[in-house]
Amino acid sequence: MSTIVLGISGALNHDPSAALYVDEKLVAAAEEERFIRDKHAKGKMPFNAAKFCLDFAGIKPAAVDVVAVPFAPISIFSKARWHFAKRYWYAPDRALDALLNGNRRYRRYRDRVFSLLRDLGIDPDKVEFEPVEHHLAHASSAYHLSGFKEKTAIMGVDGKGEYATTFFGYGENGKIHKIKEFYDPDSLGGLYGAITEYLGFEMLDGEYKVMGMAPYGDSSKHDFSRLINFDGKNFQVNTQLVNTVGLRRYKEDGVGFYFSPKLIDWLGPKRDGDVADEPYIDYAATIQALFEEVVLKLMDYYLGDILKETGKLAFSGGGALNVKLNQKIIARDEVKELYVQPASGDAGTAVGAASYVLMKRGITPEKMEHVYLGPKFSNEDCINACEQHLEKPSYELIESVPQKIAKILVEGNPVAWFQGRMEFGPRALGGRSIIGCPSAPGVASRINEQIKFRERWRPFCPSMLDRVAPEMFKNDHPAPFMTFTFEVNEAWKARVPEVVHEDGTARAQALKKEFNPRYYELMEEMEKLTGNGVVLNTSLNRRGEAMICSPTDALNMFFGSDLQYLIMEDVLVVKHNNREVNCP
Ligand SMILES: [Fe+2]
């Protein structure tokens, strides 16, 4: 008899998702935002995502054995609640709540999960319900899915879970051991998020924009050390300035921010609009440098010995999506291999909670080697979507898709690429992507004009054949998920200029053929035509929109943009309205 575990995330009111394990196999996983077309799906529960997972696997609701959630009750005897109460003395309602009613949030979430289960046809009284501490779920999503057999250092950095914000531990023989946790409001994710808000972006969304802006600035012009009291092993965030709540918050039109008016007095007005200028680019550089410095020093202090012993590190939590930090981690001599959970944000905790309870039952989850875990659609589905679409698209079924699309790309056209199963996690990796030829001059700006309208400081990234990565980059390290940046070798900077960032790096996906053969074949064709087995790859969506899920979503997006080509499985849709295009 198989063991069926359904993981459900969404306790923190953003990025709800579902994941389904049948024994050791992760059969399906998806974020709710994709189905309901609402980025981050704030305040929602993952009904559609969970239903998709069950339907895809052909599992009847009654067959689910365990429901795992990445949020657990925290004991009054834990340091977490006392730390929180002490540090939030200036907001007494919160402080007292942590002590007297510290699991209210958990109970509310459990009730919402039970109601979701009933909607799905799962009887909450008949399944085992397993709450897993938030940071243990993050830790499991990295360590248990890394495939590492050796003793492994584990790091978790996010905004906050129940109370914990930062986790250092290790895994050995499948068991996770805590070494040290830090608790709210002492949060590195919270600190970075507060400055993200100050720089005019949304917290939990704009952090990677700050990271992208950083290389344009100079981190030596400003000293941000007053934001955090850090002695190399412990830290306290200065809540007079950042990660503030209640009366300490800066407010604009009735909206409160996670920084204080004192921050404005010090650094000047909050950034507005798309302009990236001094001093804001310097602030971005300074917060990025501070974040890197603190995480690397804490890693040395708490995990240094384990890293010297085996060199293996597993990293998760929103902070693990900071690809610049990850570049510095893998540059360390003692770090032999870093596994970053591709869905390191809270969506990935559905997988992590499920993998954690599997291990408890003696089942070792398989290594997570790809993210193609979402819905897929047939040619017939794509044709039906075209037939029913209001724009009455002109389409045709084509053969030799990689060959034909490569030709269109080489002519300098961006192509909307909709193939196979949708990705799990924030990165498009060749399932729902907009692709371009990285040596075609101006293709990045063409994508910006036709659809993305991205800020100029945000780089486009490359996907490449696995064998090309060691030639293109100065470091040789597995990069299946675009979770690291690498320094690009000089010769390659000239060969693929459209995917090299301001600072000479690229955030890369090095693809193994077995995980996405069609995307691989496309890049082989690109290699034949241009000499470079590389494509420019960005996610298939408009700015501010969740990544595309279905053929209808793809058509809506396509007709809401100036893109000329959309390939869905073998169905090529071409627009003829703007200019003469050659249909291959
Ligand atoms: Fe988290």
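The values are calculated or read from the model by the stated rules, or taken from the named source; none is laboratory data. Computed from a predicted structure; not experimentally measured. Every residue, glycine as well, gets a Cβ built from its backbone with ideal geometry; the counts of neighbours run over all protein chains shown. Note: accessible area is taken over every heavy atom of the protein model, side chains too, but ligands, DNA and RNA are not part of it. Shrake-Rupley method; radii C 1.70, N 1.55, O 1.52, S 1.80 Å.
Normalised by 2.2 N^0.38 Å, with N the number of residues, the alpha-carbon radius of gyration of the range 442-584 equals 1.09. For the range 219-240 and the range 411-480, write down the distance between their C-alpha centroids in whole Å. What the calculation gives is 36 Å, centre to centre. Using a probe of 1.4 Å on the protein chains alone, the accessible area found for residue 483 is around 0 Å².
Rounded to two decimal places and with Rh computed the Kirkwood way over Cα pairs, what is Rg over Rh for the range 225-337? In the range 225-337, Rg relative to Rh is 1.05. Note on the range 164-217: percent of Cα-Cα distances in each 5 Å bin, starting at 0 and stopping at the bin with the largest distance, equals 5, 18, 19, 15, 14, 12, 10, 6, 2. Based on alpha-carbon centroids, what's the gap between the range 513-572 and the range 120-185 in Å, whole number please? A separation of 34 Å, based on Cα centres. DSSP assigns beta bridges within the chain; of those with both partners inside it, close to 75 percent run antiparallel.
Relative contact order, whole percent, for the chain stands at 15, derived from Cα pairs under 8 Å and 6 or more residues apart. Does the range 60-127 classify as rounded, prolate or oblate by the C-alpha gyration tensor (a ≥ b ≥ c root eigenvalues; a/c under 1.5 gives rounded; else a/b over b/c gives prolate, otherwise oblate)? It comes out prolate by the Cα gyration axes. Treating the range 352-506 as a set of equal point scatterers at the Cα positions, no solvent, please give the Debye-formula log₁₀ I(q)/I(0) at q = 0.14, 0.19 Å⁻¹. Values, matching the q order: -0.89, -1.33. An ellipsoid equivalent to the range 136-180, defined through the eigenvalues of its Cα gyration tensor, has semi-axes of 19, 10, 7 Å when rounded to whole angstrom and sorted largest first. Hydrodynamic analysis of the range 181-244 uses the Kirkwood radius over alpha carbon pairs. Inserted into Stokes-Einstein at 20 °C and 1.002 mPa s, it gives a translational diffusion coefficient of 170 µm²/s.
Equivalent-ellipsoid semi-axes for the range 329-413 (Cα gyration tensor, √(5λ), whole Å, largest first): 40, 23, 12. Is the range 270-415 best put as rounded, prolate or oblate by its Cα gyration tensor, with a ≥ b ≥ c the root eigenvalues, rounded for a/c under 1.5, and otherwise prolate when a/b is larger than b/c, oblate when not? Here the range 270-415 falls in the oblate category. For the range 284-340 versus the range 43-118, the spacing of their alpha-carbon centroids is 29 Å.
Rounded to the nearest angstrom and listed largest first, the equivalent-ellipsoid semi-axes of the range 518-565 from its Cα gyration tensor are 26, 11, 10.
All Cα-Cα distances of the range 24-174, cut into 5 Å bins from zero to the largest, leave 2, 8, 13, 16, 18, 17, 13, 8, 3, 1, 0 percent in each bin in turn. Note on exposure: 361, 432, 543 ranked by accessible area (1.4 Å probe, complete protein assembly) read 543, 361, 432, with the most exposed listed first.
By a 1.4 Å probe calculation restricted to protein chains, residue 370 has an accessible surface near 60 Å², given to the nearest 10. Entry for the range 10-65 at q = 0.19, 0.30 Å⁻¹: log10 I(q)/I(0) = -0.62, -1.11, Debye formula applied to identical alpha-carbon scatterers, no solvent contribution. At q = 0.06 Å⁻¹ the log10 of I(q)/I(0) for the chain amounts to -0.29, computed by Debye summation with a single uniform scatterer per C-alpha, solvent ignored. Across 149, 180, the residue with the most accessible area heads the list, and the full order at a 1.4 Å probe is 149, 180. For the chain, the fraction of 1.4 Å probe accessible surface lying on carbon and sulfur atoms is 48 percent. The largest accessible area among 376, 324, 493 belongs to the first residue in 376, 493, 324, and the rest follow in falling order (1.4 Å probe, all chains).
By the rule of a C-alpha distance below 26 Å, with chain neighbours fewer than 8 residues away ignored, the lysines paired with residue 404 are 376, 392, 452, 512, 513, 528, 575. At a threshold of 8 angstrom on Cα-Cα distance, excluding pairs fewer than six apart, so keeping six or more, what relative contact order does the range 1-66 reach in percent? In percent, rounded to a whole number, it is 35.
Averaged per residue, the chain has 38 square angstrom of accessible surface, using a 1.4 angstrom probe with ligands and nucleic acids left out. Our summary of shape: the Cα atoms of the range 155-277 have principal axis extents of 50, 34, 27 Å, ordered from largest down, in whole angstrom. Percent relative contact order of the range 1-126, based on C-alpha pairs within less than 8 angstrom and at least six residues apart? For the range 1-126, the relative contact order is 23 percent. Counting only Cβ charges, +1 for Lys and Arg and -1 for Asp and Glu, the dipole size of the range 333-400 around its Cα centre is about 480 debye. First obtain the Kirkwood hydrodynamic radius of the range 377-469 from its Cα pairs, then insert it into the Stokes-Einstein equation at 37 °C and 0.692 mPa s, and state the resulting D in µm² per second as a whole number. Translational diffusion coefficient: 216 µm²/s.
With only the Cα atoms considered, the range 98-166 has a convex hull volume of 135 Å³ per residue. Projected over all directions and averaged, the alpha-carbon convex hull of the range 456-540 occupies 5.5 nm².
Not counting ligands, DNA or RNA, and with a 1.4 Å probe, what is residue 297's accessible surface area in Å² rounded to the nearest 10? Using a 1.4 Å probe on the heavy atoms, I get roughly 90 Å². For the range 434-501, the alpha-carbon coordinates run over 34, 23, 20 Å along the three principal axes, in decreasing order.
Which net charge results for the neighbourhood of residue 300, defined as the other residues with beta-carbon distances under 15 angstrom from its beta-carbon, given Lys and Arg at +1 and Asp and Glu at -1? Every neighbour counted, the sum reads -1.
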